[in-house]
Amino acid sequence: MWANQRFSAGMILAAVAMVVVCGPAKAATAVWNFANPYFTATDTLDATASMCYYDASGPTDAIEAATTFGRTICDYSKPSDIDGQHVRYLHHGLLPCNGRSGYAVDHAGFEASTTDGRMDQWTMVFDVWVPDACYLQYNGMFNTDPALDGAAAWYLGPAGSLGHCALGTTDDHQFVYDQWQRIGLVFDRLNHQVTYWVNGVQVFQGTAPGGEARDDYLLFASDHSGADLVFQGDGSGAGRTSEIYLGSFALSDFAYDDATMQSLGGPSAGGIPAVSKPERPGALAAFTSPSQLDLEGHFRYAINVGGSAETTIRGLRFLDGRETIAGYRNTMSPGFWSGTRPEFGEGQDDDALENILETVAYHASDGKGGAAEIRLDVVPGESYKLQLLFWRAVGARTFDVSIEGELALDEFNPEVWIDESLQEVAYVYTHEFTAQDEVFTILFEPGTADVGNHQPMLNALTLEWMRATWIPGDADGDGSVDQTDAAILADHWGASDAGWADGDFNDDSVVNAADAAIMAANWGDHAGGEANAVVPEPMGLVLLGSLGLLLAIRRRG
């Protein structure tokens, strides 16, 4: 049986801002290797970026005087070449003004992913050499506040640690002084995760701060005027800077995955390569209202996967995922009531969506999560739009979602925050595709991040049929008007809130004799094209007789 909604060409989503938090379009990278001109980004992908001297207190003369640019000379010098190749670098000693200075970075092409115009996913990678002489001094690597009104966001510690108390700090001796090291920080508040790397090896992973605290870790995006962050900036007043040689610096507006960080490995004379975002199907977005979801069209499925009886939102009927639904198979455990729900508003549709998100299906094995699979029957060659709906349900967890064997969501954590500007936020993953065979597969696998729970979960899904032309009378969309469609129409006879897939072919919300006549007029196989001929009247009489028999059977049942 189809979940359904009256078809509306030229569908318009309500004018409520949808916050895109990841997707193929958002992927910018800038790299500095400090060749001439020294402060111009030497390698960019979908971005422009610059760096300049910066002093939060006034003129930049002091920071400029403390800065030199150079090139390694030979292997026995300090800093040394890398693999026999000269390295160009930016060098500075202790910075003036008690650290309230540094190098301002201004970029364009970096897209905002929050309502206040900042980025909640980003990656920084550095090729650095810090001499032994500075062993007892902290070094603030960067500050996300261009005004330098607070401490740096991330430090090299005096005993070789990496981190910040708000994010977490590694053990000592992870960073080695007096040699080139490639260090990296991946900040992913979307999935509540931060990860530190040294020479392609992960040395720390922890939970990123939530929306209610430490928002200073959100980097300014390109629409922000002026500097977007300050490299080597520390506004603590403690002068936390050390002598440092910077061979290369890379900044991206997305979170690098483990494979990318491992592939970057250690430092190189040529600097850090510009990384592009891995191509993955679909996109993830935040939503705070039913109006931000696509619920208009011809839907093959609309399922409350967790199950809480049949529910209707904006005219689209979501079937109970605990019941048998033709063409839908789910190996997740039966749904349960999570005890937590968002608060979107007071309307009937708001309440219905809140109810759907309060129920969840999940899959567990040995308490850490096992693989689960959802399989949907589809028609080869037809185009569809998939929507997967997630709410935080039962706390933080990470899991992977693959679409037809291709990774779509990596270490996804549906735990969301209460945000004053957005109220409470849920997520929708959207993916459009053309079916290659008769079964569409969604695989859920446990993640590996250190959050204690890796049980894959899902609240609801929809699958919309994106066909541009529809045959009047073809309720199931298979290109033929036949007994299957007649049975669907009979099953919904007299319904007053019906859609196309229930047999309402004249868009009056009622299934009645007018719809039966439309079906009769188009009876037969139309796989070769749109129906445009009326079948002979005797066939229509046969059909109406069949409908009468079906109706009688259903009434007796």
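Quick notes
- Distance between modelled label sites at residue 35 and residue 441, nm, 7 Å Cα→Cβ extension: 4.6
- Residues in the stretch 26-184 average 40 Å² of solvent-accessible surface per residue, probe 1.4 Å, ligands and nucleic acids excluded.
- Taking 7 Å steps out from each Cα toward its Cβ at residue 514 and residue 470 produces label points 1.6 nm apart.
- Contour excess over end-to-end distance, with Cα ends at residue 333 and residue 62 and 0.36 nm allotted per residue: 91.2 nm
- Farthest toward the positive end of the dipole of the stretch 126-195, out of 152, 192, 168, is the Cα of 192, where the dipole comes from beta carbon charges about the Cα centre.
- Over the stretch 231-373, accessible surface divided per residue gives 34 Å², non-protein components excluded, 1.4 Å probe.
- Accessible area of residue 518 in the full protein assembly, 1.4 Å probe (Å², nearest 10): 40
- Of the solvent-accessible surface of the stretch 31-158, computed with a 1.4 Å probe and all protein chains present, 51% belongs to carbon and sulfur.
- Separation of the residue 171 and residue 383 label points, Cα + 7 Å toward Cβ, nm: 5.5
- The 1.4 Å probe gives accessible areas that order 301, 38, largest first, as 38, 301.
- Carbon + sulfur, % of accessible area of the stretch 273-356 - ligands and nucleic acids excluded, 1.4 Å: 48
- Efficiency of FRET between residue 94 and residue 178 - r from beta-carbon atoms, R0 22 angstrom, step 0.05: 0.80
The values are calculated or read from the model by the stated rules, or taken from the named source; none is laboratory data. Since we're looking at a predicted model, the values are computed, not measured. Positions of Cβ are generated from backbone atoms using ideal geometry, with glycine treated the same way; all protein chains shown enter the neighbour counts. Just so you know, the surface numbers come from the protein's heavy atoms only, side chains and all, with ligands and any DNA or RNA stripped out. Shrake-Rupley method; radii C 1.70, N 1.55, O 1.52, S 1.80 Å.
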